[in-house]
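Asks: First the structure, then my questions, so here it is.
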Protein chains: 2
Amino acid sequence: MIEEKGILFVLSGPSGVGKGTVRKALFEKATNLQYSISVTTRNPREGEKDGVDYFFKTKEEFQNMIEQNQLLEWAEYVGNYYGTPKEYVQETLDKGKDVFLEIEVQGAMKVKKNFPEGVFIFLIPPSLEELKNRIINRGTETEELVTNRLLAAREEIEMMDAYDYVVVNDEVEKAVEKILSIVQSEHCKRERVAKQYKKALEGDVT
Amino acid sequence: MIEEKGILFVLSGPSGVGKGTVRKALFEKATNLQYSISVTTRNPREGEKDGVDYFFKTKEEFQNMIEQNQLLEWAEYVGNYYGTPKEYVQETLDKGKDVFLEIEVQGAMKVKKNFPEGVFIFLIPPSLEELKNRIINRGTETEELVTNRLLAAREEIEMMDAYDYVVVNDEVEKAVEKILSIVQSEHCKRERVAKQYKKALEGDVT
């Protein structure tokens with residue numbers, strides 16, 4: 001069997017939407033997804049292994065990675081640095097394994113800039129979905145309440161534009177099922193499949 | 001709940017690939033797909049109902065439908081006409097139900113011309129997939145055999161270009177699962193989802 005290249009999937013969404021819960025539930029079901037292992041400067045906790053839980057680095061090493069453009073994104077939290085290592089992601093994809101990254105919206109936008117061929121999934125809260133339904137069906141909210149919530153919702157909706165898919169997190173299981181569908185269908189995308197065939201065939205007949 | 005619009009899915013592929021078998025297996029699993037009912041000039045067979053199995057029409061009525069551009073595609077087989085009625089497809093989609101059409105490649109291309117917003121899935125035989133794998137892994141076929149099969153395969157590969165997805169029909173169940181993933185993930189596409197939100201929100205705040 002030919003080893004096809006993996007795809008980088010990035011799950012993001014507004015804070016509080018439940019990205020972490022969805023990611024955990026997803027990994028209980030998904031067997032061919034590799035969770036993206038982060039680089040960090042914080043100390044390993046009891047039982048954490050280098051290259052499994054994190055890649056543990058010194059601040060100097062991390063600084064070098066930033067300077068040599070070896071991170072798809074990075075950020076600082078309470079004095080420690082965290083980032084996504086480009087080489088590890090690329091090597092995993094080259095082995096034919098999909099990589100899954102769950103990250104907040106700013107990080108996702110950095111990844112998109114550095115790795116636009118990734119597939120970006122935006123998780124939205126059911127409240128946004130409900131808001132939309134209320135507006136369309138009218139009459140169940142006062143004008144003012146809807147208007148205030150609308151203004152807040154606009155920001156979230158504008159964020160959507162940078163993503164390939166939008167999944168409502170109404171039920172974790174349903175959201176997971178949708179993400180698994182996205183993973184499977186992306187592998188059937190004609191652009192990806194046709195490229196492999198053309199590469200195989202054009203290399204030989206001539 | 002807001003009624004979202006349905007999507008037209010078109011399954012096609014080279015003759016003999018097993019489109020009909022996959023379609024039947026799909027309809028045993030899919031509950032929210034409506035099979036596209038064709039218009040025909042042939043006589044109803046025992047037990048066939050108008051509007052369920054086919055829309056039965058006279059040749060004159062069919063001719064009128066052609067002239068008034070009411071068919072997404074049509075063709076003649078052994079003296080009878082068969083076609084896909086545009087209005088029926090559109091009304092079903094407007095009710096929020098997905099429509100699924102299984103059709104040979106020439107018909108699929110006509111549908112694409114008349115309904116480019118459909119999602120087009122190309123089913124390929126496992127022999128094509130195997131051929132690709134053999135070429136890539138080399139050495140198991142004589143040069144000449146591979147070359148002859150390659151020339152034949154090229155046509156099929158060129159057909160792919162007009163489609164959104166490519167599904168290998170190696171096992172019917174697997175192909176069905178992939179098609180169901182495509183159906184589900186297409187409903188999560190950002191373009192579709194964001195359009196609904198923007199329509200809902202922009203209509204109200206101003």
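The values are calculated or read from the model by the stated rules, or taken from the named source; none is laboratory data. Quantities reported herein were computed from a predicted structural model and do not represent experimental measurements. All Cβ positions, glycine included, derive from the backbone under ideal geometry; neighbour counts span all protein chains shown. The accessibility values were calculated without ligands, DNA or RNA, using every heavy atom of the protein model including side chains. Shrake-Rupley method; radii C 1.70, N 1.55, O 1.52, S 1.80 Å.
Asks: Label-to-label distances across copies for A:Glu87, with labels 7 Å out along Cα→Cβ, in nm, shortest first?
Replies: The projected label point of A:Glu87 is separated from its counterparts by 6.6 nm.
Asks: For A:Lys199, which inter-copy label distances result when the label point lies 7 Å beyond Cα on the Cα-to-Cβ vector, reported in nm to one decimal and in ascending order?
Replies: 3.9
Asks: Separate question: For chain A, what is the calculated [θ] at 222 nm in deg cm²/dmol (nearest 500), taking -39500 (n - 2.57) for each run of four or more DSSP H residues and dividing by its residue count?
Replies: -14500 deg cm²/dmol
Asks: Now for a different question. Per residue, what volume in Å³ does the convex hull of the Cα atoms of the range A:8-65 enclose?
Replies: 135
Asks: Shifting gears a bit: Taking A:Lys49 as the anchor, which lysines have their alpha carbon closer than 20 Å to its alpha carbon, excluding any fewer than eight residues away along the same chain?
Replies: Counting by Cα, and skipping residues close in sequence, A:Lys49 has these lysines nearby: A:Lys24, A:Lys57, A:Lys59, A:Lys86.
Asks: Counting Lys and Arg as +1 and Asp and Glu as -1, each charge on the Cβ, what is the dipole of the range A:1-82 about the Cα centre in debye, to the nearest 20? Let's see the in-between values first.
Replies: Values: 10 positive and 12 negative charges, 71 e Å.
Using only the charged Cβ atoms, the result is roughly 340 debye.
Asks: At q = 0.14, 0.15 Å⁻¹, what base-10 log of I(q)/I(0) does the Debye formula yield for the protein assembly as shown when every alpha carbon is treated as an equal point scatterer in vacuo?
Replies: Summing over Cα pairs of the protein assembly as shown leads to -1.30, -1.38.
Asks: Of the options A:Gly47, A:Thr31, A:Ser12, report the single residue whose Cα projects farthest towards the positive end of the charge dipole of the range A:1-56 (beta-carbon charges: Lys, Arg +1; Asp, Glu -1).
Replies: A:Ser12
Asks: Related question: What does the buried accessible surface come to for B and A, summed over both chains, with the probe at 1.4 Å? Round to 100 Å².
Replies: Looking at B and A, the buried total is near 4400 Å².
Asks: With a 10 Å cut-off between alpha carbons and a GNM built on chain A, which of A:Gly79, A:Gly96, A:Gly51 moves the most?
Replies: Result: A:Gly79 has the largest fluctuation of those listed.
Asks: Moving to a separate point now. Could you give the angle, 0 to 90 degrees to the nearest 10, between helix B:105-114's Cα long axis and the longest principal axis of the Cα atoms of chain B?
Replies: 40
Asks: For chain B, modelled as a Gaussian network with Cα springs under 10 Å, which listed residue fluctuates most, B:Lys86, B:Lys178, B:Lys132?
Replies: Taking springs between Cα atoms under 10 Å, the residue moving most is B:Lys132.
Asks: Just the number please: accessible area per residue for chain A, 1.4 Å probe, all protein chains included, in Å².
Replies: I get 53 Å² per residue for chain A.
Asks: Taking just the alpha-carbon atoms of chain B, what radius of gyration and Dmax come out, in angstrom?
Replies: Just the Cα atoms of chain B yield Rg and Dmax of 19.8, 70 Å.
Asks: Pop a pseudo-label 7 angstrom from the Cα along the beta-carbon direction at both B:Asn114 and A:Thr147 and give the gap in nm to one decimal.
Replies: For B:Asn114 paired with A:Thr147, the spin-label model returns 4.8 nm.
Asks: Looking at A:Phe120, A:Thr92, A:Trp74, which one has the Cα that reaches farthest to the positive end of the dipole of the range A:1-135 (charges on Cβ: Lys, Arg +1; Asp, Glu -1)?
Replies: Positive-most Cα among the choices belongs to A:Phe120.
Asks: What size of dipole, in debye to the nearest 20, comes out for the protein assembly as shown about its Cα centre when the only charges are +1 on Lys and Arg C-beta atoms and -1 on Asp and Glu C-beta atoms?
Replies: Dipole about the Cα centre, nearest 20: 60 debye.
Asks: Another question, if that's okay. How much of the accessible area of the protein assembly as shown, probe 1.4 Å, is carbon plus sulfur, in whole percent?
Replies: Carbon and sulfur: 47 percent of the exposed surface of the protein assembly as shown.
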